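This report concerns only the one structure given below.
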Amino acid sequence: MAELKIENISKRFMDKVVLDDVSLIIPHKSFTVIYGKAGAGKTTLLRIIAGVEKPDKGRIYLNGKDITDLPPKDRNIAMVYQNFALYPHMTVYDNIANPLRARKLTKSQIDEKVNKISETLGIRELLSRYPKELSGGQAQRVAIARALVRDADVYLLDEPLTNLDYKIREAMREELKNMCKDLSLTFVYASPDPLDALMMADKVAVINNGKLLQYGLTKDVYYSPKDIEVATIFGSPPINMFESYAKEENGRLFLETRLFKIDVTKYKDKLLPNKEYKIGIRPHHLAISKGIQANETISFPVELYLTHVVGAETICYARSNGLEITIYLPYIYRINYPEKVYTYFNPEHLLVFDKDNGLKVI
Amino acid sequence: MNKSKFSYSNLIYVILLILVLVWTLLPVYWTITAAFKSRLEVIAWPPTFFPQKPTLNWFVSVWTDRPNINYYINSIVASIGSTIIALALGIPSAYGCARYTFRGRQDVLFTILTFRFLPPATVIVPLYLIGRMFHLIDTTLYLAILYGAINVPIVTWVLLSYFKEIPVELEESYQLDGYTLFGAFRKVTLPLARPGIVAVSMLIMAFSFGDFLIASILTTSPAAKTLPVGISEYMGGEWGYMWNQMAALTIYGLIPLLIIFFLVRKNLVRGLTFGAVK
């Protein structure tokens, strides 16, 4: 089976551990996002896969073949760099044709492939320009074209959208996702932006401080994070966390926070009474209303003090009883001065973590 | 705006500029006019500002009265040879220090630089002895090797900043495209560092072409002597100081440098100011 297998990779620079025993299997024809904050080790992982960096320990297998000691040119892996890495002394055409020339294709074959990919990416009219004459978005497309023009087994993308403005980023996400699917390619994409993973990825690998925290289908990682750490770092805007205490009353079990109380009797076998838990609620699982909502949901009063409109969506910052709460609304909502409203959520979306070891219990 | 705006600071600036120009260009002017003057006029007192009876005699006679053509060729060979040697040694050392971190890298760079602080005169005797050991005394090859070696620090330090400025991602990307590291170096790094390479080449050529001290001690025959040595041979002797021939030969010596400087002047300006801003 064609796949990229990363086995027990470790890497340190001087005294700093950058990657610590990372193992994952990236399936063929899939879109995988390596998610982590700046300095988490994701770029190093890509560079090791590409072969421009040697791991201290561990092996890399591509289609079952050990490629750990192969030089980059013999790996058939393409990479798109964050800073584009276009050759400044070559035209766009020569930049894109470069990997084809290395493969000794004939002039007409090269011509055909370059024209086809530049057509796909809408950069046909830029072919005779030099990189310094391109805008950020155009340079990005050229960099992607140079990678996609080859038939690589794996395409590595190192934060290719980070340097672009919001609008282009949105459009490119859609395009990359479609390209991966339509052309049946294998993408490994490093990003510090949870939205990249949420909007494009089939699978996501969450990395922090060089350790692989969780790897799985994007929706699984998002809706069912393994522990508090994954829940906190993977999500945009960040998840709301509440301290809570499990209490037994009249034979029913409740989780009590400073803001609300939830009946969790049906999870009785997973929770212990008189123990502290952390409750996580994703900002987009919260909604607002003028009054208290119906029985199915949990409501509590908050004071909105800031709203931040992004595109057609709104991130609301609220506080209540000394706690900060982030609410994500899928529509535009503006306030001119602090506003008292109720926020509510469906208890089905509740995430409960053990406060002692951080692991998810519900 | 007042077109003829006058300010004292401007005036001082202009006066200083004129002084600097006179200071720099007067010897050049003297040399050029001396080449056209007669043997008597050149030593006349008070000196004449323009040649009274301009003559081209000296431009012809320097090719016939002594083996200056050999000296000329030797100078060109030594400067080109030394440039090749200095680049061949300096480029790898600059590249290595720019791209790889290793224990003692700063010490290596500093040591390389200290060689440049060393006045050549202090090592001329050992260099003579070493040259004799390898039967290299009185050869153009030995001059090229020495000029090259002396200039390795300059090449290393100028190109170090160039190579550091070229993102390593470009080389990596080139390798991922399907080439070797050396291919990436040749097709990406070297072309991008070209202004720097051109600039240091010029410095080395100017140094090698103008050196007198080393050549005067390590060469003895027309087969190896260089132009500056040839010029010095018009000093003293039975005819005394032959200023006219010296001036004419100097002008011939300036020509190749001027041609090359003119050809690469764009690279040169960029090369020498690179990294100064930003």
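Which numbered condition in (1) of a type in the set (Phe, Trp, Tyr); (2) assigned to a helix (DSSP H, G or I); (3) facing chain B (nearest Cβ under 10 Å) is the only one that A:Tyr93 fails?
So A:Tyr93 meets the others, but not (3).
Filter segment A:96-112 down to residues that are within 13 Å of chain B (Cβ to nearest Cβ) and not in a helix (DSSP H, G or I) and give me whichever is farthest from A:Asn178 (Cα to Cα).
Per the criteria, the residue is A:Lys104.
Having 2 or more residues that are within 14 Å of another protein chain (Cβ to nearest Cβ) and over 30 Å from A:Ile77 (Cα atoms) is the bar; report the helices (runs of 4 or more DSSP H) wholly within segment B:127-216 that clear it.
Working: elements: B:140-165, B:168-176, B:181-184, B:194-210.
Here the list reads B:194-210.
May I ask you to list the residues in segment B:34-62 that are without any contact (Cβ under 8 Å) to a residue 24 or more places away in the chain and under 12 Å from B:Met246 (Cα atoms)?
Correct list: B:Phe36 only.
Looking at B:Ile231, B:Ile259 in this structure, which one is at pLDDT 85 or above, loosely packed, with under 14 Cβ neighbours inside 10 Å, within 19 Å of the chain's Cα centre (by Cα) and not aromatic (Phe, Trp, Tyr)?
Details: B:Ile231 fails: loosely packed, with under 14 Cβ neighbours inside 10 Å.
Checking each option against the conditions leaves just B:Ile259.
Those residues that are of a type outside the set (A, V, I, L, M, F, W, C) and in contact with a Phe, Trp or Tyr (Cβ under 6 Å, 6 or more places away or on another chain), I need them from segment A:277-290; list them, please. Quick ask: steps written out before the conclusion?
Here is the first cut: in segment A:277-290, the ones of a type outside the set (A, V, I, L, M, F, W, C) are A:277-278, A:280, A:282-285, A:289-290.
Correct list: A:Lys278, A:Pro283, A:His284, A:His285, A:Ser289.
Given segment A:169-273, what strands (runs of 3 or more DSSP E) lie entirely inside it while holding 3 or more residues that are of a type outside the set (Val, Ile, Thr) and more than 19 Å from A:Ile34 (Cβ to Cβ)?
Details: elements: A:187-191, A:203-208, A:211-217, A:240-249, A:252-256, A:261-263.
Once the strands (runs of 3 or more DSSP E) in segment A:169-273 are filtered for at least 3 residues that are of a type outside the set (Val, Ile, Thr) and more than 19 Å from A:Ile34 (Cβ to Cβ), what remains is A:240-249, A:252-256.
Failed condition for B:Ala86, given (1) in contact with a Leu (Cβ under 8 Å, 6 or more places away or on another chain); (2) in contact (Cβ under 8 Å) with a residue 60 or more places away in the chain, with all others met?
(1)
Does B:Tyr162 qualify as being assigned by TED's automatic domain parsing to the domain that holds B:Ser221, under 26 Å from the mean Cα position of the chain (by Cα) and modelled with pLDDT of 95 or more?
Working: assigned by TED's automatic domain parsing to the domain that holds B:Ser221: yes; under 26 Å from the mean Cα position of the chain (by Cα): yes; modelled with pLDDT of 95 or more: no.
In short, no.
Just to be sure before I move on: is B:Leu26 exposed (fewer than 11 other Cβ atoms within 10 Å of the Cβ) and under 12 Å from B:Trp243 (Cβ atoms) in the structure I sent? Quick ask: steps written out before the conclusion?
On the way: exposed (fewer than 11 other Cβ atoms within 10 Å of the Cβ): yes; under 12 Å from B:Trp243 (Cβ atoms): no.
In short, no.
When you check B:Arg66 against the structure, is it surrounded by 10 or more Cβ atoms within 10 Å (Cβ to Cβ), part of a loop (DSSP other than H, G, I, E, B) and not assigned by TED's automatic domain parsing to the domain that holds B:Leu249, yes or no? Walk me through it before giving the result.
Numbers: surrounded by 10 or more Cβ atoms within 10 Å (Cβ to Cβ): yes; part of a loop (DSSP other than H, G, I, E, B): yes; not assigned by TED's automatic domain parsing to the domain that holds B:Leu249: no.
No, not satisfied.
Cβ contacts < 6 Å: first residue more than 24 Å from A:Thr232 (Cα to Cα), restricted to segment A:167-194; second residue at pLDDT 90 or above and among the aromatic types (Phe, Trp, Tyr), any location; separation 6+ or different chain. Result?
Going by the 6 Å Cβ cut-off, the qualifying pairs are A:Cys180/A:Phe31; A:Cys180/A:Phe187; A:Leu185/A:Tyr155; A:Phe187/A:Phe31; A:Phe187/A:Tyr155.
Could you identify the single residue in B:Val42, B:Val77 that is assigned by TED's automatic domain parsing to the domain that holds B:Leu258 and either touching a Gly at 6+ places or on another chain (Cβ under 8 Å) or surrounded by 14 or more Cβ atoms within 10 Å (Cβ to Cβ) (or both)? Write out each step before concluding.
Details: B:Val42 fails: assigned by TED's automatic domain parsing to the domain that holds B:Leu258.
B:Val77 is the lone residue from the list that is assigned by TED's automatic domain parsing to the domain that holds B:Leu258 and either touching a Gly at 6+ places or on another chain (Cβ under 8 Å) or surrounded by 14 or more Cβ atoms within 10 Å (Cβ to Cβ) (or both).
Can you tell me which residues in segment B:99-143 are without any contact (Cβ under 8 Å) to a residue 60 or more places away in the chain, under 21 Å from B:Lys225 (Cβ atoms) and of a type in the set (Asp, Glu)? Walk me through how you get there before you give the answer.
First, pick out the residues of segment B:99-143 that are without any contact (Cβ under 8 Å) to a residue 60 or more places away in the chain: B:100-119, B:122-123, B:125-126, B:129-130, B:132-136.
Of the ones still in play, those that are also under 21 Å from B:Lys225 (Cβ atoms) are B:123, B:125, B:129-130, B:132, B:134-136.
Passing the criteria: none in range.
Listed here are the residues, each with its yes/no results for (1) touching a residue at least 40 places away in the same chain (Cβ under 8 Å); (2) among the small types (Gly, Ala, Ser); (3) out of contact with any Pro (no Cβ under 7 Å at 6 or more places or on another chain); (4) crowded, with 18+ Cβ neighbours inside 10 Å.
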| position | (1), (2), (3), (4) |
| --- | --- |
| A:Leu212 | yes, no, yes, yes |
| A:Ala231 | yes, yes, no, yes |
| A:Lys247 | no, no, no, no |
| A:Thr265 | no, no, yes, no |
| A:Arg282 | yes, no, yes, yes |
| A:Leu286 | yes, no, yes, yes |
| A:Lys290 | yes, no, yes, no |
| A:Val309 | no, no, yes, no |
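Within segment A:15-58, track down each residue that is aliphatic (A, V, I, L, M) and in a loop (DSSP other than H, G, I, E, B). Before you say what the answer is, go through the steps one by one.
Pass one, segment A:15-58, residues aliphatic (A, V, I, L, M): A:17-19, A:22, A:24-26, A:33-34, A:38, A:40, A:45-46, A:48-50, A:52.
Across segment A:15-58, the qualifying residues are A:Ala38, A:Ala40, A:Val52.
Test A:Asn115 against the criterion of being away from chain B (no Cβ under 13 Å) and assigned to a helix (DSSP H, G or I), and give yes or no.
Values: away from chain B (no Cβ under 13 Å): yes; assigned to a helix (DSSP H, G or I): yes.
It is true that A:Asn115 is away from chain B (no Cβ under 13 Å) and assigned to a helix (DSSP H, G or I).
Which one of the conditions (1) within 30 Å of B:Pro222 (Cα to Cα); (2) touching a Cys at 6+ places or on another chain (Cβ under 7 Å) does B:Arg105 fail to meet, given that it meets all the rest?
Evaluating B:Arg105 over (1) within 30 Å of B:Pro222 (Cα to Cα); (2) touching a Cys at 6+ places or on another chain (Cβ under 7 Å) leaves (1) as the failure.
Identify, please: which residue in segment A:62-89 is loosely packed, with under 15 Cβ neighbours inside 10 Å and outside any loop (DSSP other than H, G, I, E, B) and is, among those, nearest to the other protein chains (Cβ to nearest Cβ)?
A:Asp74
The values are calculated or read from the model by the stated rules, or taken from the named source; none is laboratory data. Everything quoted here is computed from the prediction, not taken from an experiment. Reconstructed Cβ throughout: ideal geometry from the backbone, glycine too, with neighbour counts over all protein chains shown.
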